[in-house]
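The values are calculated or read from the model by the stated rules, or taken from the named source; none is laboratory data. Small disclaimer: the values here were computed from a predicted structure and weren't measured. Ideal geometry is used to build each Cβ from the backbone, glycine not excepted, and the neighbour counts take in all protein chains shown. Surface areas here come from the heavy atoms of the whole protein model, side chains and all, with no ligands, DNA or RNA. Shrake-Rupley method; radii C 1.70, N 1.55, O 1.52, S 1.80 Å.
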Amino acid sequence: TPWPGTIPAMLRRLARAAIPRQRVFWAQRSGSLAEIPTYVVDLRSDTVTKPGPAMRRAMAEAVVGDDDYGEDPTVHLQATAAELLGVERTLFVPTNTMANLISVMCHCRRRGSQLLLGRECHLHVYEQGGVAQIAGVHSHPLADLPHGTLDLAELERLVKRGLGSPYHPVCELICLENTHSSSGGRVLPMEYLRQVHLLARRYGVRVHLDGARLMNAAVALGVPPARIVEHCDSVSLCFSKGLGAPVGALVGGPKDFIEEAWRLRKALGGGMRQAGVLAAAALVGLADTEEMLQRDHQNAQRFARGLQELASPVCSVDPTAVETNMVMVRVDGLPPEELCRRLQAVSADEVAQTGHAVRLLLFPWTEHSVRAVWHRDVSAQDTELALGKWAFVLRTLGLG
């Protein structure tokens, strides 16, 4: 335990550490790089955004109360979002992973219930199998089609298989993801959503939409998000991706569904007290959604076209597949991890050839691809810097 006299000094150090850093760093090297600013363009995910001044001010000035008692006025975000999504009620939760888990638990009340979903969807791959380890729900993954959709005939076959069977689990829920992350931010077609919902109703099955990036889908389609949600029985919406908030998500659905969701949120440790500090950030993120996401989509499309124009045998991209804020780049001839390492490194040669030192941050996605994700902290200028860095790296490989 620190001595009392050291606590103020510790707090001052923490406060200094909390001051937001600039996105331009001075290279910490001797020689010709010492006075060159290093630009960081972070395309790893749309979760890396930092709250801007308006969002920080809203958080600091939020009127709050105890949300666990229903007394936090800023959590009227829930009513605003319910209207936006066209649902009776919504519930504010810490994360979209929790929103999805709560939704599955509300729909699948019997242990051993079956959930049908895509093999590469976020809920199946990146949420620790929570529906099994916590909810006791059996997930049956189907192959994802290139657009992020599922084969309707196979979906119907699996739904019907458990009906009246003493051997097979009974399907109670179908989960869709829109936009579909592992397919490169593809938007599920409206007619497909309608057909899945009709199929589900025919057999008494419900549909949950993992709408972590629902607003990207709505902007890409040019429709209100409620038009998408009307084909589902419940929906989740994440605020800490394209909307730029530091934390938070929603579950949306009918009144009785949300009442049960509240109980489950409490059981999962997601009940929050002065949650208005976080809800205020989400409200700011919603305020300029359309403008910001359109810009992200345009920057992603510009990058895809620019990369295609490089005509490199190492990196290829299909601009027609770029529907929202993600670009999937196929990589041949070297491991994606090596390409990412080279894109992140800076050198005197880069400065001499391009006039810039750019650290381009990306994640390898598969054995032969990397994924780039645009967000509100990446401008059109940043996009051009990213293209320039990519071109430089390809030239150094002798493959530009």
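Looking at V63, V48, V40, which one is open to solvent by less than 100 Å² (accessible area, probe 1.4 Å), modelled with pLDDT of 90 or more and either in contact with a Phe, Trp or Tyr (Cβ under 7 Å, 6 or more places away or on another chain) or part of a strand (DSSP E or B) (or both)? None of the others qualify; the one that does is V40.
Name the residue, out of A357, A352, A345, that is of a type in the set (A, V, I, L, M), open to solvent by 50 Å² or more (accessible area, probe 1.4 Å) and more than 25 Å from the chain's Cα centre (by Cα). Full working, then the answer.
Values: A357 fails: open to solvent by 50 Å² or more (accessible area, probe 1.4 Å); A345 fails: open to solvent by 50 Å² or more (accessible area, probe 1.4 Å).
Matching residue, one of A357, A352, A345: A352.
Among the residues here, P141 qualifies as of a type outside the set (A, V, I, L, M) and not in a loop (DSSP other than H, G, I, E, B).
If I ask for residues that are in a loop (DSSP other than H, G, I, E, B) and surrounded by fewer than 20 Cβ atoms within 10 Å (Cβ to Cβ), which ones from the stretch 370-387 would you list?
First, the residues of the stretch 370-387 that are in a loop (DSSP other than H, G, I, E, B): 374-379.
Those that are in a loop (DSSP other than H, G, I, E, B) and surrounded by fewer than 20 Cβ atoms within 10 Å (Cβ to Cβ): D377, S379.
For the stretch 144-190, which positions are in contact with a strand residue (DSSP E or B) (Cβ under 7 Å, 6 or more places away or on another chain), of a type in the set (A, V, I, L, M) and not in a strand (DSSP E or B)? L150, L155, L158, V159, V170, L188, listed by residue number.
The rows are residues; the columns are (1) more than 20 Å from A212 (Cβ to Cβ); (2) modelled with pLDDT of 95 or more; (3) assigned to a helix (DSSP H, G or I); (4) open to solvent by 20 Å² or more (accessible area, probe 1.4 Å).
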position	(1), (2), (3), (4)
H76	yes, no, yes, yes
L84	no, yes, yes, yes
T97	no, yes, yes, yes
L116	no, yes, no, no
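Tell me yes or no: at least one residue of the stretch 298-314 is of a type outside the set (D, E, K, R), open to solvent by 50 Å² or more (accessible area, probe 1.4 Å), outside the structural domain of N96 (by the TED database) and within 21 Å of M215 (Cβ to Cβ). The answer is yes, given that some residue of the stretch 298-314 is of a type outside the set (D, E, K, R), open to solvent by 50 Å² or more (accessible area, probe 1.4 Å), outside the structural domain of N96 (by the TED database) and within 21 Å of M215 (Cβ to Cβ). Determine which single condition S103 fails, assuming it passes every other condition in (1) open to solvent by 10 Å² or more (accessible area, probe 1.4 Å); (2) part of a helix (DSSP H, G or I); (3) within 27 Å of E323 (Cβ to Cβ). Looking at each condition in turn, S103 falls short on (1).
If you go through the stretch 233-258 and keep only what is in a helix (DSSP H, G or I), in contact (Cβ under 8 Å) with a residue 24 or more places away in the chain and open to solvent by 50 Å² or more (accessible area, probe 1.4 Å), you end up with just K255.
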